[in-house]
Amino acid sequence: MNFNLSEEQNMLKDSVERFVRDEYDFDSRRANAASDLGFNPKNWQMFADLGWLSIPFDEAHGGFGGGATEVMAVMEEMGKGLVVEPFVATVLMFGGLLNKSANASLQEANIEKIIDGSLQGSFAYLERQSRFELADVKTQAKLDGNEFVLNGEKTVVSNGMAANKVVVSARTSGDQCDEAGITLFLIDTDAPGVERTSYRLMDGQLVANIKLTDVRVAADHVLGDVDQGYTLIEAVVGDVIIALCAEAMGIMQKLNTTTIEYTKTRKQFGVAISSFQALQHRMVDMFMAGEQAKSMLYRAVCAAESAADDLPKNIAALKVMIGRNGKLIGDEAIQLHGGMGLTDELDVGHYVKRLMMINTTFGDADYQQQKFNRLTYSD
């Protein structure tokens, strides 16, 4: 597959690469992740100044007007640096829902603030029982005059503690697992009845559980149409999965490079272990796994750019490939580094933990394989 970036896309990719190389070393990343917000606000403002936060938004809202290719270019380089700043949570998920919602007043009030870096957002969709099912929603929203009253709890909300506003999925009709009957609401995180509890995931990223108790939301703060929020969720989640897989691609490339460099310097029996044929075979397997994943990523990006009919199937196949090949590369990277690969001081284990979290986000490889099978063979 001949997949060449344009001059403008290469400039974007190079700018992120320079930032990661020059200003985002592993120690800085660890300090950013350990902070109260879970990221560095100065870096976030730099992202805004460089125009990165505008990439997926329409030009009518002051955005760059980019698509899946531009997002891939950014996320791949961010993956190489394990960047913890909430580009996915605020720009792609929260901003993506606004961008696709067709609610002009909410777009006008919020998208420009996302682009200039002054607004942090998140998307609260997971619940304790829902696992990977986006339609499994118990949080209730009852209409009371010209307002909705929300009650329920959302879990593992990425960027939930730093967010000024959050989009919440709630059930306005139907049964617990029905796709119809889900509505999306934009609420302020400091609104009465909103309670947040923070904790960290295994990759060091800060998330929150958000409890909603009689939270009142104006009817004009509904994204999209009442009862039809699932369609909007599916569209945005598809875009985000591709972006996360691009991040994973950057991580896999980093692990491959780091492992090869290490085997050239680590000596056993008086020679570099890179000269051992058995280890060479394993490193070739790592390289091939990365190349397979890259090809699938390019296929999914092309399908997204052309709005192909088989886009959902391509996304599911990509998630399967990233999950399984990412595990292979991560496991081999740790083993080829020996005991050092398991230490907290070495970055290898942190990259592998992030791969594991990407695999479980929006459905792991096994879940996505089942989805791919349904899409392929149901007819």
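With θ taken as phi - 60° and the Karplus curve 6.51 cos²θ - 1.76 cosθ + 1.60 applied, the whole-hertz 3J(HN,Hα) list for region 77-84 is 6, 5, x, 5, x, 6, 4, 9 Hz, x standing for glycine and proline. What angle, in degrees between 0 and 90 and rounded to the nearest 10, separates the Cα long axis of helix 229-265 from the longest principal axis of the Cα atoms of the chain? Between the helix axis and the principal axis of the chain, the angle is about 20 degrees. Report note on the peptides 259-271, 133-145: ranked by the mean count of other C-beta atoms within 10 Å, highest first, their order is 133-145, 259-271. Near Met286: Cβ cut-off under 11 Å, other residues only, Lys/Arg at +1 and Asp/Glu at -1. The net charge is -3.
Using equal-weight Cα scatterers in the Debye expression, the normalised intensity of region 213-297 in log10 at q = 0.17 Å⁻¹ is -0.81. Can you bin region 1-115 into rounded, prolate or oblate? Criterion: square roots of the alpha carbon gyration tensor eigenvalues sorted a ≥ b ≥ c, rounded for a/c under 1.5, prolate for a/b above b/c, oblate for the rest. The shape class here is oblate. Mean projected area of the Cα convex hull of the chain, taken over all directions, amounts to 19.5 nm². For region 271-379, the solvent-accessible area with a 1.4 angstrom probe is 50 square angstrom per residue.
Remark: region 69-194 carries 34 Å² of accessible area per residue (probe radius 1.4 Å; ligands, DNA and RNA excluded).
Compute the long axis of helix 365-377 from its Cα atoms, compare it with the longest principal axis of the Cα atoms of the chain, and write down the angle in degrees, 0 to 90, nearest 10. Roughly 70 degrees, rounded to the nearest 10.
Here the contact order of region 129-181, divided by its residue count and restricted to Cα pairs under 8 Å and six or more residues apart, works out to 40 percent.
Taking only DSSP H segments of four or more residues, each worth -39500 (n - 2.57), what value at 222 nm results for the chain once the sum is divided by all its residues, to the nearest 500 deg cm²/dmol? Value at 222 nm, helices only, nearest 500: -16500 deg cm²/dmol. Potential lengthening of the chain between Glu147 and Ser35 amounts to 36.7 nm, from the contour at 0.36 nm per residue minus the alpha-carbon distance. Can you give me the Cα centroid spacing of region 39-94 and region 165-205 in angstrom? If we compute the Cα centre of each part, the gap is 23 Å. With a cut-off of 11 Å between beta carbons, the residues surrounding Asn209 carry a summed charge of +1, where Lys and Arg count +1 and Asp and Glu -1. Nearest 10 degrees, 0 to 90: what angle lies between the long axis of helix 7-23 and the longest principal axis of the chain (Cα atoms)? Helix 7-23 sits roughly 70 degrees off the main axis of the chain. Ignoring ligands, DNA and RNA, what percent of the 1.4 Å accessible area of region 33-78 is carbon and sulfur? Carbon and sulfur together cover 51 percent of it. Distance from the Cα centroid of region 240-303 to that of region 95-151 is 37 Å (rounded to whole angstrom). Rounded to the nearest 0.05, the FRET efficiency derived from the C-beta distance between Ala180 and Lys113 at R0 = 41 Å is 0.80. Share of carbon and sulfur in the accessible area of region 228-379 stands at 54%, probe radius 1.4 Å.
Each other residue within a Cβ distance under 14 Å of Arg128 adds +1 if Lys or Arg and -1 if Asp or Glu, for a net charge of 0.
Structure note, pairs Lys100/Lys353; Lys211/Lys353; Lys154/Lys327; Lys80/Lys327; Lys294/Lys353: Cα-Cα distances above 25 angstrom occur for Lys100/Lys353; Lys211/Lys353; Lys154/Lys327. Its relative contact order, with pairs defined as Cα atoms under 8 Å and 6+ residues apart, puts the chain at 15 percent.
The values are calculated or read from the model by the stated rules, or taken from the named source; none is laboratory data. Keep in mind that this is a model prediction, so the values were computed, not measured. Reconstructed Cβ throughout: ideal geometry from the backbone, glycine too, with neighbour counts over all protein chains shown. These accessible areas exclude ligands, DNA and RNA; they are computed on the full protein's heavy atoms, side chains included. Shrake-Rupley method; radii C 1.70, N 1.55, O 1.52, S 1.80 Å.
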